[in-house]
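Only one structure is covered here, and it is reproduced in the block below.
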Amino acid sequence: MAELFVKLNDREASPYSSDELKRLASSGEFKENDLVFHEDTQEWLQAGEIDELDKIFETENPGTRERTVFAIGGGKGGVGKTILTASLGIGLASLGKKVIIVDADLGGANLHTAMGILEPRYTFYQFYTLQRDKLSDIVLDTPVENLKLISGACGTLGLANPRYSQKQRFISELRQLDADYILLDLGAGASYNVIDFFLAADQGVLVTTPEPMAIQETFNFVKIALYRKLSREFRNNQAVSSLLEQDLMAQPGRMAATATDMLNELQKMDKNATTKIKAFLSSFRPRLILNMVHAHDEIKEGDSLKTAVKDLLSIDIDYMGSIDYDKNVRKSIKSLRPFILDNPKSKASRSLTKMITAGIMKKSGFQGFKHKRRVIQNITDESKNFPKTNLKKSEIICSVKCFYWNDCEYQDGGYPCPIRHLDPIFGR
Ligand SMILES: Nc1ncnc2c1ncn2[C@@H]1O[C@H](COP(=O)(O)OP(=O)(O)OP(=O)(O)O)[C@@H](O)[C@H]1O
Ligand SMILES: [Mg+2]
């Protein structure tokens, strides 16, 4: 960043370097409402409005850092949760934010592969088996600056079913990590494992495609999340428990009554619980990403999901954004490169950049335009340093200790083996 002219106490001061400004900011002499001359717009703007100055006001103390935990789930498998987690993490990291992406898909970990990392040094396995004491011990560097990864361990039955207390311990340790954003990539489905992570995050993000089955599963996911939350919170409350056990919410398929009906019923029995549930319903606001959108009018599928969730469950869903269907995504996956780095200007990358700018950073108008341009530029720079994974050249591709040995089409070479990450378990 070039030197900047700044007005301190209404007096124009000589140009400052970013290091000098950071020092002044930490001593309180330079504040977000001080004026800075902005080269691009040729006007004096408040420092807090200028994205490039974000880092100057950032606090370096990890203890006081404000972390946002996003859980990226939604029910349906194969809708893009993992690849969006990877590319969203890269987008946020390119803005100078400290980001950790976490593979919380306990049954089918593959976030590391989406990042082009074939053999993660540490995974959850070492954390759960206490080979590594702290969660911070299994945080891995990635080739992307500011972006770290906690890799999942696949193929271990015990890990796919941690106890509630283990999940709580994991979440509380996550919150101690040094990061601005922590993104949890959840598995498919609405098992309690997935739902517990979704509910424990600061922000639950639902990913769906605009297809009827995916929309339906996303609705069911929200319904089960609500049911789980209420049944845990009110497990000692007879009135709430008996209402939940009736066919209002617990039964699969069509709902016999809405959340409003349930609250009206409960109001007659327990006013206090009714008030608490109402407060939860208004604070629980999942966000929605519509992925693989082919045409603009498919957005209305997302609108109908929002309406159904509001009418039947009394929950508001906010859009985070929509991501275009883009055949480049598949190409990037095959070359083990996150799509945003493989082609920062592709349709999918542009829609993701727009989502980061408008849906997460809340920038619009001219600020939004500039912000988007900056993200694309930063990512383009980053993509030059991202190593190419040469699949043909990756040396050993499988292990004789594998129980599929002699019965596997990957054995003769060519592509990385999908179960090769069992290696640590075999103790190779
Ligand atoms: N915007 C997109 N454009 C084109 N294809 C996409 C897009 N998003 C995702 N895909 C395709 O969807 C596939 C599944 O993506 P991904 O593995 O991220 O889904 P997932 O929701 O994590 O799946 P699972 O539930 O099994 O974990 C990708 O391999 C890719 O081919
Ligand atoms: Mg996935």
Near pairs, Cβ below 6 angstrom, 6+ apart or cross-chain, from region 1-28 (more than 18 Å from Q42 (Cα to Cα)) to any residue that is open to solvent by 70 Å² or more (accessible area, probe 1.4 Å) and modelled with pLDDT under 80 = S17/E3; S18/M1
key: Subset of region 219-246 [of a type in the set (S, T, N, Q) and in contact with a helix residue (DSSP H, G or I) (Cβ under 6 Å, 6 or more places away or on another chain)]   = S231, N237
task = Go through region 102-143 and give me each residue that's touching a residue at least 12 places away in the same chain (Cβ under 8 Å) and hydroxyl-bearing (S, T, Y).
result = T113, Y122, T123, Y125, Y128, S136, T142
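Give the residue that is farthest from N264 (Cα to Cα), with candidates limited to residues of region 314-336 that are more than 16 Å from ligand 2 (Cβ to nearest atom) and open to solvent by less than 20 Å² (accessible area, probe 1.4 Å). Reasoning before the result, please.
Keep residues of region 314-336 that are more than 16 Å from ligand 2 (Cβ to nearest atom), which gives 314-322, 324-328, 331, 334-335.
Okay, now just the ones that are also open to solvent by less than 20 Å² (accessible area, probe 1.4 Å), so 315, 317, 320-321, 326.
Values: I315: 16, I317: 22, M320: 32, G321: 34, D326: 46 Å.
Checking each candidate, the answer is D326.
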query = Residues in region 6-17: is at least one of a type in the set (S, T, Y) and within 16 Å of ligand 1 (Cβ to nearest atom)?
reply = no
inquiry  = Looking at N33, N61 in this structure, which one is at pLDDT 80 or above, over 30 Å from Y192 (Cα atoms) and more than 16 Å from ligand 2 (Cβ to nearest atom)?
reply    = N33
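Whether any residue in region 87-97 is farther than 26 Å from F369 by Cα, at pLDDT 85 or above and within 14 Å of ligand 2 (Cβ to nearest atom) is what I want to check.
Within region 87-97, the subset farther than 26 Å from F369 by Cα is none.
No - not one qualifying residue is present in region 87-97.
Checking the conditions here, which among D51, D105 is among the charged types (D, E, K, R), open to solvent by less than 60 Å² (accessible area, probe 1.4 Å) and within 16 Å of ligand 1 (Cβ to nearest atom)? First the steps, then the outcome.
Values: D51 fails: within 16 Å of ligand 1 (Cβ to nearest atom).
D105 is the lone residue from the list that is among the charged types (D, E, K, R), open to solvent by less than 60 Å² (accessible area, probe 1.4 Å) and within 16 Å of ligand 1 (Cβ to nearest atom).
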key: Flag for N146 being in contact (Cβ under 8 Å) with a residue 24 or more places away in the chain and over 17 Å from the mean Cα position of the chain (by Cα)   = no
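Please find, among G108, G78, G96, the residue that is farther than 29 Å from N378 by Cα and not acidic (D, E). If you could, list the steps in order and put the result at the bottom.
On the way: G78 fails: farther than 29 Å from N378 by Cα; G96 fails: farther than 29 Å from N378 by Cα.
On inspection, the qualifying residue turns out to be G108.
What about R169, is it among the basic types (K, R) and not in a loop (DSSP other than H, G, I, E, B)? Give the steps one after another, and end with the answer.
Numbers: among the basic types (K, R): yes; not in a loop (DSSP other than H, G, I, E, B): yes.
Here the answer is yes, as R169 does meet what is asked.
Could you list, in sequence order, all residues of region 173-205 that are within 14 Å of ligand 1 (Cβ to nearest atom) and part of a loop (DSSP other than H, G, I, E, B)? Give the derivation first.
So the first thing to find is which residues in region 173-205 are within 14 Å of ligand 1 (Cβ to nearest atom), and the list is 183-191, 193-194, 197-198, 205.
Across region 173-205, the qualifying residues are G187, A188, G189, A190, S191.
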task = Quickly run through region 167-186 and pick out the residues that are more than 15 Å from the chain's Cα centre (by Cα) and open to solvent by 50 Å² or more (accessible area, probe 1.4 Å).
result = Q168, R169, S172, Q176, D178
task = Being within 16 Å of ligand 1 (Cβ to nearest atom) and aromatic (F, W, Y) narrows it down to one of F70, F57, F127, so name that one.
result = F70
note = M213 passes all but one of the listed conditions (1) assigned to a helix (DSSP H, G or I); (2) touching a residue at least 60 places away in the same chain (Cβ under 8 Å); (3) over 28 Å from D318 (Cβ atoms); the exception is number (3)
request  = Scan region 369-381 and report the pairs whose first residue is under 15 Å from I340 (Cβ atoms) and whose second residue is hydrophobic (A, V, I, L, M, F, W, C) and open to solvent by 70 Å² or more (accessible area, probe 1.4 Å), with Cβ atoms within less than 9 Å and a gap of 6+ or a chain change.
outcome  = none
message = Of the conditions (1) surrounded by fewer than 18 Cβ atoms within 10 Å (Cβ to Cβ); (2) farther than 17 Å from V240 by Cβ, I340 satisfies every one except a single condition; which number is it?
response = (1)
ask   = So S87 clears everything in (1) out of contact with any Asp or Glu (no Cβ under 8 Å at 6 or more places or on another chain); (2) open to solvent by 30 Å² or more (accessible area, probe 1.4 Å) except one condition, right? Which one?
value = (2)
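The values are calculated or read from the model by the stated rules, or taken from the named source; none is laboratory data. Just so you know, these numbers come straight off a predicted model, no measurement behind them. Counting neighbours? That spans all protein chains shown, and the Cβs are built from the backbone with ideal geometry, glycine included. In case anyone asks, the SASA skips ligands and DNA or RNA and just uses the protein heavy atoms, side chains included. Shrake-Rupley method; radii C 1.70, N 1.55, O 1.52, S 1.80 Å.
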